[in-house]
Amino acid sequence: MREAVVLLERDGGVAEITLNRPDKLNAFNVEMHRLLARHLEELEAEEATRVVLLTGAGRGFCAGQDLGDRVMGEEERAPDLGETLETLYNPLIRRLRRLEKPVICAVNGVAAGAGANLALACDIVLAARSASFIQAFCRIGLVPDSGGTWFLPRLVGDARARGLALLGEKLPAEQAASWGLIWRAVPDSELMGEARDLARRLATAPTRGLALIKQALQASWSNDLDAQLDLERDLQREAGRTEDYREGVRAFLDKRQPVFRGR
Ligand code: T3D
């Protein structure tokens, strides 16, 4: 039997998702989109899952859209790429940004096109030193999608965003880390160990509080300071009513490690 094109394993509070089309560097086809969306939807609803870890099988992380599905004959009508963004890529990026639990991305190899921007949509991005990021769109006449034109200038500034998007050159993981595009580059052999350690750590953190942090940071991109202060007030009110906050304060005063239940 053929293996699924997206694998899902659960271990304690951590759900590990692996993109699994290694012979295509895990390029996206419709089946991969559908399965990934289904898994994320399930995980969203599961209280027991407190962290999602995303990675790729084989030597690549994800090479973006499977271009084998985009071959056109001379006379054929071009596919409506706006439609595929609307129905497949945009919902994926929105789902990851809105997920009320942290998403760690372990970039195990090349991340190109929508694959690069999929990684950038995650909350904490670790990459193997041999991995790289390529805004490959300009090489085939397309525009960076999956949030690329939003993430890039915010993460690395306008000059670097333009260079990356217009030249489509390979950005090695260590440079990506030094530019602030990702959290850290680590030796290849340590990638999955580090990513899983981080995931286990976050799985015992105050999950509701982390979800509110994600919400506040996301809103900060479009809020002015006044609106952000108001939002912090509202979110802090909510955080202050969680069981985990109670536990955090009690544990601090008792001089013991807190036990957070994620509520
Ligand atoms: O279409 C829409 O719906 C709109 C949305 C678009 C989103 C997008 O992501 S557009 C951008 C699409 N992606 C690309 O343009 C990247 C294409 N791939 C590459 O440029 C290179 O493969 C890499 C730079 C990523 C890696 O290069 P390298 O030399 O390490 O590997 P390779 O030999 O090129 O690839 C290995 C195999 O994977 C190869 O197959 P083969 O020859 O061994 O049978 C190659 O064809 C396949 N592969 C890699 N990327 C894709 C792919 N097959 C289909 N689609 C791919 N994107």
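The values are calculated or read from the model by the stated rules, or taken from the named source; none is laboratory data. Source: prediction; values computed, not measured. Methodologically, a virtual Cβ is constructed for each residue, glycine included, from the backbone with ideal geometry; neighbour enumeration extends over all protein chains shown. Ligands, DNA and RNA are stripped out before the accessible areas are found, and what is left, the full protein with its side chains, is counted by its heavy atoms. Shrake-Rupley method; radii C 1.70, N 1.55, O 1.52, S 1.80 Å.
Quick one: would you say Gly193 is more than 17 Å from the chain's Cα centre (by Cα) and farther than 30 Å from Asp80 by Cα? Answer is yes for this residue.
Taken over segment 14-31, the residue count meeting the criterion of being open to solvent by 10 Å² or more (accessible area, probe 1.4 Å) and either hydroxyl-bearing (Ser, Thr, Tyr) or in a loop (DSSP other than H, G, I, E, B) (or both) is 5. Taken together, the residues in segment 1-10 that are more than 14 Å from the ligand (Cβ to nearest atom) and touching a residue at least 24 places away in the same chain (Cβ under 8 Å) amount to 5. In this structure, Val30 does not satisfy being closer than 27 Å to Ala127 by Cα and either away from the ligand (no atom under 16 Å from the Cβ) or not assigned by TED's automatic domain parsing to the domain that holds Ser130 (or both).
Of all residues in segment 39-58, those that are closer than 30 Å to Asp188 by Cβ and β-branched (Val, Ile, Thr) have Cβ atoms under 7 Å from Cβ atoms of residues that are open to solvent by 10 Å² or more (accessible area, probe 1.4 Å) and in a strand (DSSP E or B), 6 or more apart or on another chain, in Thr49/Arg10; Val51/Val14; Thr55/Thr18. Return yes when Leu92 is in contact with a His (Cβ under 8 Å, 6 or more places away or on another chain) and more than 10 Å from the ligand (Cβ to nearest atom) and no when it is not. Taking the combined requirement at face value, the residue satisfies it. Considered as a group, the residues in segment 61-76 that are over 17 Å from Ile140 (Cα atoms) and free of Cβ contacts under 8 Å to residues at least 24 places away in the same chain include one that is farthest from the ligand (Cβ to nearest atom), and that residue is Glu75.
Of the set (1) in a helix (DSSP H, G or I); (2) surrounded by 15 or more Cβ atoms within 10 Å (Cβ to Cβ), all apply to Ala227 but (2).
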